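The values are calculated or read from the model by the stated rules, or taken from the named source; none is laboratory data. Keep in mind it's a predicted model, so treat the numbers as computed, not measured. We place every Cβ from the backbone using ideal geometry, glycine too, and count neighbours over all the protein chains shown. To get the accessible areas, we keep the full protein, side chains included, count just its heavy atoms, and leave off ligands, DNA and RNA. Shrake-Rupley method; radii C 1.70, N 1.55, O 1.52, S 1.80 Å.
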Amino acid sequence: MQQVSLNRHKVIIIALIILAAVAIRCYNINGALFDFNPLRQAVGAAVARNYTQDPGAAFLLPQADNEGASPGYFMFELPMLPYVVSLLIRAFGAHNWVFRLPSIILFALSAIYFFKLCSTLVDFRTSAVALILYCVAPVSILMSRVIQIESFLLLSLFMSIYYLLRWFESEKISHLLVCTVALTVLVLLKITNLYIFLFIAVLFFIYKKVRLIPYFVLPTIFVLAVNFWWWGIYCPGIRAAFPTAYTYVGGEAFFGPKYLLKRFVELSFSREYWALIARQTFRIIFSPVISILFLAGVLVNRDKKLLAVLSAWLFAVFVFIFATPGASSQDYYKIHFLPAGVIFAAVGCLYIFDKLAHRWQKKTVMALLWFAVLANVIIIVFPIIKYKPVFEYQQVLGKRVQDLTQKDDLILTSFGPDAMLLYYCDRKGWSQYLPVKNDNIALLEQRRKEGAGYFVCGNLDELDSDPGFKEYLIRNYTLIDEGVRQNGEPEKGSLDRFVWTLSGKIDHPAAKGVRGKLERKSLGYVIFDLREKH
């Protein structure tokens, strides 16, 4: 009876940790979309809405909005998440919370399986601390409330490793089947996740289960066969039939060996690339405080088996980062370091705790430590998950574009941040980033020939970056609407207002940066009619 009560007590603790983590992710859940990694989210949101608006659309033909009048098939990861979001949109409407909710639910499930996986490696106390760190790490919060597949990816990853270890223990075919399905989904979500097979191969030796390798051959063949069809046959076929800007880069196939090899040579042996990886990992993945605990855990861990498992996991991720530099330079790709990293961090945290002799010392140090962890995370995360005002402004501008245009009008927008505008105005079209194009005028005229009827820029600073282009627009086309730059204080009584006021009392560049991000801001806009020249 006592053991049953103890188990129930543990379940309650874990449930409270996960529920608290879910509550954190629900903050500003209906705020403006695209608060982190906005362009990728805008594509996912457009795919989800296009499923909704065209009930007859094929599940395996996800359509984005930023390829003009063409279907804009976005043939990358299997579009399971956008499709689920589309079902919720049909049921509840296209509210911003609808787009975020599936990722939050998937995060909760991933947290459950992360704890289950930890429990096969370490004791309950270490597993609970690792779970807390997993829940509060900056990248965990940021990527579990966006329209991307990282929460789904981590759930599949944890399930595949957990059921593999269960299979090692029981050798039940059911565990092997679940592991196989999870691995199949994991690689369908991102082909780069094939790196996990390197980790799995090492696990057979760490757990002394080499004799089971022949039984794992058939599941491996199944995973590779399904993914070869999707990544090697089906997706390339659709991209070849309906080329998009994602199909070719500089005239070379985006997934072509020549392009990938070129990026590998350029980045993988670059000091700047690895400096970027280090900065992203120790700041946005772990946060500085969790990073210190991680390094402490690596140094003080005395469990040889745990050290072997976590080191193999981190090494496999390192190989993945090294082999795919083009993708891995994006900050969220380092999320694969997080699971093994926070387990090491939990070991380091408890080592510090156990070294303290007196109860008051333990309470004081742990309170200070958790305060530092949470303060670190809040400083990094809050200015991001509290909507960037420019994205809220994009919603307003999108409504204005809707009022001035017809449903079948094609819109040309500037790229930063107006790639999201195509979603907000519910129109198809193109986007171009004015500061980096060599000849914006030629591109504008090319888009006009392809059917662009309007040019919209929601960032006057960007428009000013090319004075010749701006002058060409004014001289040749009709300006039908414009908005001036505006700035304002956060709403009184809001959390934003409190942080804004507090940061104003701190004489530090970082505080000034936070204060600026929390201010209500408009970068101004212009809308030009491109259908006829003056």
Subject >> Per-pair calculated FRET efficiency, R0 = 25 Å: I441 and D408 via Cβ, rounded to 0.05 >> reply: 0.45
Subject >> Restraint check, K116/K190; K116/K334; K172/K305; K258/K407; K262/K305, Cα-Cα greater than 29 Å >> reply: K258/K407; K262/K305
Subject >> Whole-Hz couplings from phi, Karplus 6.51/-1.76/1.60, listed for region 41-52; x for Gly and Pro >> reply: 5, 4, 5, x, 5, 5, 4, 4, 5, 5, 4, 5
Subject >> Solvent-accessible surface (1.4 angstrom probe) belonging to D409, in square angstrom, nearest 10 >> reply: 30
**OP:** Provide Rg over Rh for the chain; use the alpha carbon set for both Rg and the Kirkwood Rh (inverse mean inverse pair distance).
**Re:** 0.99
**OP:** For region 55-63, just list the computed ³J(HN,Hα) in residue order, Karplus coefficients 6.51, -1.76 and 1.60, θ = phi - 60°, integers in Hz, with x standing in for Gly and Pro.
**Re:** x, x, 5, 6, 4, 8, 10, x, 10
**OP:** Would you calculate, for the chain, the mean residue ellipticity at 222 nm contributed by helices, counting each DSSP H stretch of 4 or more residues as -39,500 (n - 2.57) and dividing by all residues, to the nearest 500?
**Re:** -20000 deg cm²/dmol
Original post:
Relative to the first principal axis of the alpha-carbon coordinates of the chain, what is the inclination of helix 2-25, with its axis defined by its Cα atoms, in degrees from 0 to 90 and to the nearest 10?
Top reply: 20
**OP:** List every residue whose amide H lies under 5 Å from the amide H of D481, counting only residues 5 or more places away in sequence or on a different chain, with H placed 1.01 Å from N in the peptide plane.
**Re:** I527
**OP:** Hey, can you grab everything whose amide H is under 5 Å from the amide H of S287? Only 5+ residues off in sequence or another chain; H modelled, so Pro and N-termini drop out.
**Re:** none
Original post:
Contour minus end-to-end for A308 and I221, with contour as 0.36 nm per residue of separation and end-to-end as the Cα-Cα distance?
Top reply: 28.6 nm
Subject >> Two-site label geometry, T478 and E169: point separation in nm, points 7 Å out along Cα→Cβ >> reply: 7.2
Original post:
What percent does the relative contact order of the chain come to when contacts are Cα pairs within less than 8 Å and at least six residues apart?
Top reply: 15
Original post:
Beyond 18 Å, what share of the Cα-Cα pairs of region 409-534 remains, rounded to the nearest whole percent?
Top reply: 58
Original post:
By how many nm would the segment from H508 to R279 grow when fully extended, if each residue of separation counts as 0.36 nm and the alpha-carbon distance is taken off?
Top reply: 80.3 nm
Original post:
How big is the gap, in Å, between the Cα center of region 423-478 and the Cα center of region 212-227?
Top reply: 50
**OP:** Mind checking the full-extension length gain between H358 and Q53? Use 0.36 nm per residue of separation minus the Cα-Cα distance, one decimal, nm.
**Re:** 103.4 nm
**OP:** Could you rank I292, I277, I441 by how accessible they are, 1.4 Å probe, largest area first?
**Re:** I292, I441, I277
**OP:** Would you check the accessible area of F315, probe 1.4 Å, heavy atoms only, in square angstrom rounded to 10?
**Re:** 120
**OP:** Mind listing the long-range amide H neighbours of S431? Cut-off is under 5 Å, sequence gap 5 or more, other chains count too, H placed in the peptide plane at 1.01 Å from N.
**Re:** T413
**OP:** Output ³J(HN,Hα) for region 460-476: one whole-Hz value per residue in order, computed from phi by the Karplus curve 6.51 cos²θ - 1.76 cosθ + 1.60 with θ = phi - 60°, and x for Gly and Pro.
**Re:** 5, 5, 5, 4, 5, 5, 10, x, x, 5, 4, 5, 5, 4, 4, 6, 10
**OP:** Give me the accessible area of K363, 1.4 Å probe, in Å² rounded to the nearest 10.
**Re:** 140
Original post:
Which order, highest average first, do 127-133, 55-61 follow once you tally other Cβ atoms within 10 Å for each residue and take the mean per peptide?
Top reply: 127-133, 55-61
Subject >> Where labels lie 7 Å past Cα in the beta-carbon direction, separation of I206 and Q486 in nm >> reply: 5.6
Original post:
log10 I(q)/I(0), Debye, Cα-only region 101-251, no solvent, q = 0.21 Å⁻¹?
Top reply: -1.33
